[in-house]
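One structure below.
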């Protein structure tokens, strides 16, 4: 497998280093000649100088035979264009972009980027999962269907405790799929009653996520 | 019509002044406040400081009511990304993008952006001038 990494910042540097040590064929493209020299001393001949948003650079790097292109620069506009060039001009099968402004994850997906990674969103989601009192945690986005999988923690203060699930006023396009109670997995029905400490896993349309949050935290 | 122009350089500011003088509703976005000086004291439009690849900045510029969006930044990738956001998210009916790199210009034209490439445009104009000039040996074929 041949992987092209664009951008020799901290993320690109450690990514290249790790991929090389795992035995992948990797080429790192970096604009700054000084960095290219330093990296070449450390990694050997897997670093090339050039602007990854220039088609000529990608051509020189052999993008047309790359299996994956990963754009890791600190500029979202550069990462977007690098990935679009790789995909549209060089028919790269899988393009991944680092997204610096978390709001851009959505638009990158709409513009055809296969995988986006936002460090801010990752930290946020870990943080939310480790806070016990958060009423609703976003676990996963199923972007092709515009759905989200979320987790709700039922605290001892929740007004829904002891009520059957069928009586809880949830948005209509929410499917409560599972309840984790202690170490047990329950498949809930309308008669299932919520208990403090329950973790409720639900699938929702993304448009209803906010209403679900309100319904569960009221 | 309501026009949002991204980039208040020579071209962006000149276009903004022309459209403003014609009575259009013009808003100019630029990262650098100083660039707005190019618009002159008699400019009647609005200015917004910020980057055009941020949806919040575009909203502040009134992108939702815009009929036309023009991207004229000095970075091709910024102009390309801003134009795609405006076209895809805000569905502005007419988006014009300046792209200096002829290769990127061709790609994004094929992907549906209305692009202008000053590089090929000026090279073509100069070439025409040279072909018109009798003292330059012509390779033939000029119309």
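Give the angle, between 0 and 90 degrees and rounded to the nearest 10, that separates the Cα long axis of helix B:10-21 from the longest principal axis of the Cα atoms of chain B. On a 0 to 90 degree scale, this one is about 60. Rounded to the nearest 10 degrees, the angle from helix A:76-90 to the longest Cα principal axis of chain A is 70 degrees.
Mean-square fluctuations from a GNM of chain B, with a 10 angstrom spring cutoff on Cα atoms, peak among B:68, B:103, B:28 at B:103. If R0 is 56 Å, the Cβ-Cβ spacing of residue B:31 and residue A:156 corresponds to a FRET efficiency of close to 0.65. When shorter helices are ignored and each DSSP H run of at least 4 residues is given -39500 (n - 2.57), the per-residue value for chain A at 222 nm works out to -10000 deg cm²/dmol.
Let me know the Kirkwood hydrodynamic radius for the stretch B:10-59, please, with Cα pairs as the basis and the value in Å to one decimal.
Details: mean 1/r = 0.0897 Å⁻¹.
One decimal place: 11.1 Å for the Kirkwood radius.
The spread of Cα positions in chain A, taken along each principal axis and listed from longest to shortest, comes to 66, 31, 27 Å.
Convex hull volume of the Cα atoms of the stretch A:131-217, normalised per residue: 92 Å³. Computed from Cα positions, the angle between helix A:119-130 and the longest principal axis of chain A comes to roughly 30 degrees. When the P(r) is computed for chain B, the part past 19 Å accounts for 54% of the Cα-Cα pairs.
Note on the stretch A:38-113: Cα-only Rg and Dmax are 12.8, 39 Å.
Grouping the Cα pair distances of the stretch A:1-74 into 5 Å bins from zero gives a pair-distance distribution of 3, 18, 33, 28, 15, 2 percent in increasing distance order.
Report the extension gain between residue A:117 and residue A:167 in nm, rounded to one decimal, defined as 0.36 nm multiplied by the number of residues separating them, less their alpha carbon distance. Display every interim value, and only then the final one.
Details: separation 50, 0.36 × 50 = 18.00 nm, distance 3.86 nm.
Stretched fully, the residue A:117-residue A:167 segment lengthens by 14.1 nm.
Each of A:108, B:43 has some number of other Cβ atoms within 10 Å of its Cβ, and from fewest to most they run B:43, A:108.
We did not get these values from a lab; they are worked out from the coordinates using the rules stated. Here the structure is a predicted model, which means the values were calculated and not measured. For neighbour counting, all protein chains shown are included, and Cβ atoms are generated from backbone atoms with ideal geometry for every residue, glycine included.
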